[in-house]
Amino acid sequence: MCGIAGFVDNSNKYSSFDHKKITTMMTNAIAHRGPDDTGYWYQDKIGTSLGHRRLSILDLSSNGHQPMVSFSKRYIIVFNGEIYNHSLLRKELNRAQVGISWRGNSDTETLLNCIDVWGIKKTINKCSGMFAFAILDKREKVLSLVRDRVGEKPLYYGMQSGIFLFASELKAIKQHPAFKGIINRNALALQLKYSYIPTPYSIYKGIKKLPPGTILNINLNNLGKSIDSFSEPIAYWSLKSNLQIRNNQFYTGSSNEAIKKLKQLLNNSVQEQMNSDVPLGAFLSGGIDSSLITSIMQAHSSKPINTFSIGFDEEGYNEAPYAKLIANHIGTNHTEMYVSSKDAINVIPKLPMLYDEPFSDSSQIPTYLLSELTSKSVSVSLSGDAGDELFGGYNRYLWTSKVWSRVKFMPMPVRNFISWGLTSISPFAWNKIMGQIISMPIAGDKIHKLASVLTAQSPEDIYMKLISQWVEPEKIVIGIQNSHSLLIDSLINLDSETVEQKMMYIDTLTYLPDDILTKVDRASMGVSLETRVPFLNHHIVEFANQLPLSMKIHNGESKWILRKLLDQYVPRELIDRPKMGFGVPIDSWLRGPLRDWAEELLNEERLVNQGYFYVHQVREMWSDHILGRKNWQHHLWNILMFQAWLENEKKLA
């Protein structure tokens, strides 16, 4: 895993000395992504600088040094990621007898020379992997930015003061003297709504995220001179075309055949991703997804693989005992660490630097702690991410149709009254009430969430309410008219056989890359750990999206096909339990150990001077929360993560 950065200045504003100095500053800012090596390349004729930081995983020698020039000298690349099938691609290229003299064994060299022979689009369509890279065609004077199919690896880009900038992380772009750093209030509203800023937006005006599965071509001759110097990113792979929800071309084999096919695909993916020249392990939560990946890894290993989990003492947030049971059953070398609330809270000051822009999925905290623990023993870790989106694991896939079927015939006044009645009782009171009936430590939050969707106008409206924290953030952020995400809004009315398939599709395009994968990438890269996601092999993604809903959600059971496959490795009694998630008790921490920190960030004078929020609404919500009248943990955490990020920006200015 690595970090890339660079810029194009064809106005000769900066000298060659400045180019090297600036590029070095940019790559040094992301040294955590690549602590093993650094590299720089510059050509004054086209004013282009490319920088690289390397985390050595395959071919640890200097033969893997970047920027790297292709065998014909036409192309030069800076690459972040892994091409898992690069050995097969290299063999195919050798059979073509094009006269390549290989320098080493790195996947970067394979990718680069494949592009030299086949071109970019043909090459990446042959690749199985995760990647974000910049490649310069010196003959055509075109710089191309490319991101992997589902968005495992990040890539930002944009024009600032006539200079084209790009990098793996915003902190590298911010090092360039042309960077302006003007906050995009609409992006802030989206962060409050979803807890992340969706692609293509970033928190800064003029800087975007490259969408997954796309190529952006920049004509260096016309850069800054013509509107056509670079256009919109071009898709080379489309989830929509593979989903085929419009024409209902679903998988038609039997369920047993589907299980067999998925097993084959997962085994191939896990075997590919276990290829490493450095120590390797796996995250293990004890849930279905990570247990399945870990079981397959162990089946392919002659010795116990390394697995890692963390635990919390707080009831309702601790999965470590389940992970230990799974590890003992399949025979891994398991490491677990219990962390205190103090350990978790000590991570919070690091979050603004880790994520570069406001990001407020609170599971970022345990994800960082797990990555930190894992990085002490291995350099690469496989995870079970993406199983929920691809195979129907989230509770909203189970709830939405059921709730709509029960409320759609109710008069709205009745629904309003029921919603009011449910929310008139505080979540803490509901916890006590439900604690007498069932063991569900956070029952109150779930009941309040249910109350919030009772007034929905459609199943899609229920979904939007479930994925939104601030449903109407324009009522809290000063100076914006709406909080619409172009991508999510365009997808919500998409035709689909079922609302469940539609939700999975939207989540795979948005929530997965911009929340889940962003969270894991920044947390793991913050401690120089590479993470790999076997479920995101594109053959598995394509297969999952053609499965009928009945093979994902069956008789009210989520992830049916994954459960059936996992039955071949782990007894069902070790897995069957309510979905817990990977969270921390932000609600109680804000009333306890985090109260002073939050109070300072939400200070009325500070909020007024900053001018981003309507102060009365924020202060009223904070008061309700600390007095226990409401649980506004998610709404407040989104604001607090912006406030903490803003404070960090001031320190760096």
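Odds and ends about this structure:
- Cβ-Cβ FRET estimate between His539 and Lys446, R0 fixed at 51 Å, reported to 0.05: 0.90
- At most 16 other Cβ within 10 Å, DSSP loop - chymotrypsin sites (Phe, Trp or Tyr not before Pro), the stretch 36-129: Trp102
- For a label point 7 Å along the Cα-to-beta-carbon line of Lys376, residues of the stretch 522-562 with backbone N under 20 Å: 523-531
- Spread over its residues, the convex hull of the C-alpha atoms of the stretch 553-614 is 182 Å³ per residue.
- Virtual spin-label span in nm between Gln481 and Arg139, 7 Å along Cα→Cβ: 4.8 nm
- Residue (of Ser528, Ala187, Ser231) at the positive-pole extreme of the chain, dipole from beta-carbon charges: Ser231
- Only Lys, Arg (+1) and Asp, Glu (-1) charged, at Cβ; the stretch 1-102 dipole about Cα centre in debye: 200 debye
- For the pair the stretch 291-314 / the stretch 128-158, the C-alpha centres are spaced 33 Å from each other.
- The residues of the chain expose, per residue, 39 Å² of accessible area to a 1.4 Å probe.
- Evaluated at q = 0.09, 0.15, 0.17 Å⁻¹, a Debye calculation over the C-alpha positions of the stretch 458-604 (equal weights, vacuum) places log10 I(q)/I(0) at -0.45, -1.18, -1.36.
- The chain: relative contact order in percent, alpha carbon pairs under 8 Å with at least 6 residues between: 15 percent
- The apolar share of the surface of the chain, taken as the fraction of accessible area on carbon and sulfur atoms (1.4 Å probe, ligands and nucleic acids excluded), comes to 50 percent.
- Taking θ as phi - 60° and the Karplus parameters 6.51, -1.76 and 1.60, the scalar couplings of the stretch 459-473 work out to x, 5, 5, 4, 4, 4, 5, 5, 8, 9, 8, 8, 5, 10, x Hz in sequence order, x denoting glycine and proline.
- Interchain or long-range residues, amide H under 5 Å from Met337's placed H: Ser309, Ile310, Gly311
- All Cα-Cα distances of the stretch 314-379, cut into 5 Å bins from zero to the largest, leave 3, 13, 23, 22, 19, 11, 6, 2, 0 percent in each bin in turn.
- For Asp36, the solvent-accessible surface computed with a 1.4 Å probe is close to 90 Å², ligands and nucleic acids excluded.
- Gain on full stretching of the segment that runs from Gln457 to Ser255 - 0.36 nm per residue minus C-alpha separation: 69.2 nm
- Difference of contour (0.36 nm per residue) and Cα-Cα distance, Asn395 to Asp44: 120.9 nm
- Diffusion constant of the stretch 1-141 at 37 °C, which comes from Stokes-Einstein with the Kirkwood Cα-pair radius and 0.692 mPa s, µm²/s: 213 µm²/s
- Dividing the C-alpha radius of gyration of the stretch 293-421 by 2.2 N^0.38 Å, with N its residue count, gives 1.44.
- log10 of Debye I(q)/I(0), alpha-carbon scatterers only, for the stretch 268-359 at 0.21, 0.22 Å⁻¹: -1.00, -1.04
- Using a Förster distance of 45 Å, the FRET efficiency for Ser588-Val278 (Cβ separation, nearest 0.05): 0.70
- Electrostatic dipole magnitude of the chain [Cβ: Lys, Arg +1; Asp, Glu -1; Cα centre; debye, to 20]: 960 debye
- Here the 3J(HN,Hα) profile of the stretch 631-640, calculated from phi with Karplus coefficients 6.51, -1.76 and 1.60 at θ = phi - 60°, is 9, 9, 3, 6, 4, 5, 5, 4, 5, 5 Hz, Gly and Pro shown as x.
- Helical content of the chain, expressed as a calculated mean residue ellipticity at 222 nm, amounts to -12000 deg cm²/dmol (DSSP H runs of 4 or more residues, -39,500 (n - 2.57) each, divided by residue number, nearest 500).
- Theoretical gain in end-to-end length, Leu574 to Thr24 [0.36 nm per residue, Cα-Cα removed]: 193.0 nm
- Projected label distance in nm at Asn125 and Lys240, using a 7 Å step from Cα toward the beta-carbon: 1.9 nm
- Relative to the compact-globule estimate of 2.2 N^0.38 Å, the Cα radius of gyration of the stretch 295-344 comes out at 1.29.
- Angle between the chain longest axis and helix 16-28 axis [Cα atoms, degrees, rounded to 10]: 30 degrees
- Near the amide H of Ser485, within less than 5 Å, lie no amide hydrogens of residues on another chain or at least 5 residues away, with H placed in the peptide plane.
- His484 contributes an accessible area of around 100 Å² to the protein surface, as traced by a 1.4 Å probe with all chains present.
- Evaluating 6.51 cos²θ - 1.76 cosθ + 1.60 at θ = phi - 60° for every residue in the stretch 600-605, the Karplus couplings come out as 5, 6, 9, 4, 4, 5 Hz, glycine and proline recorded as x.
- Pairwise FRET efficiency - Val98 versus Glu604, Cβ, R0 = 45 Å, nearest 0.05: 0.10
- Inverting the pair-averaged 1/r between distinct Cα atoms of the chain gives 25.8 Å as its Kirkwood hydrodynamic radius.
- For the stretch 81-146, lysine pairs separated by 8 or more sequence positions, or belonging to different chains, with Cα-Cα distances below 21 Å total 7.
- Positive-end residue of Val117, His539, Ala429, charge dipole of the chain with Cβ unit charges: Val117
The values are calculated or read from the model by the stated rules, or taken from the named source; none is laboratory data. Everything numeric in this text was worked out from a predicted model, so none of it was measured. Positions of Cβ are backbone-derived with ideal geometry, glycine not excepted, and every protein chain shown enters the neighbour counts. For accessibility, only protein heavy atoms count, side chains too; no ligands or nucleic acids. Shrake-Rupley method; radii C 1.70, N 1.55, O 1.52, S 1.80 Å.
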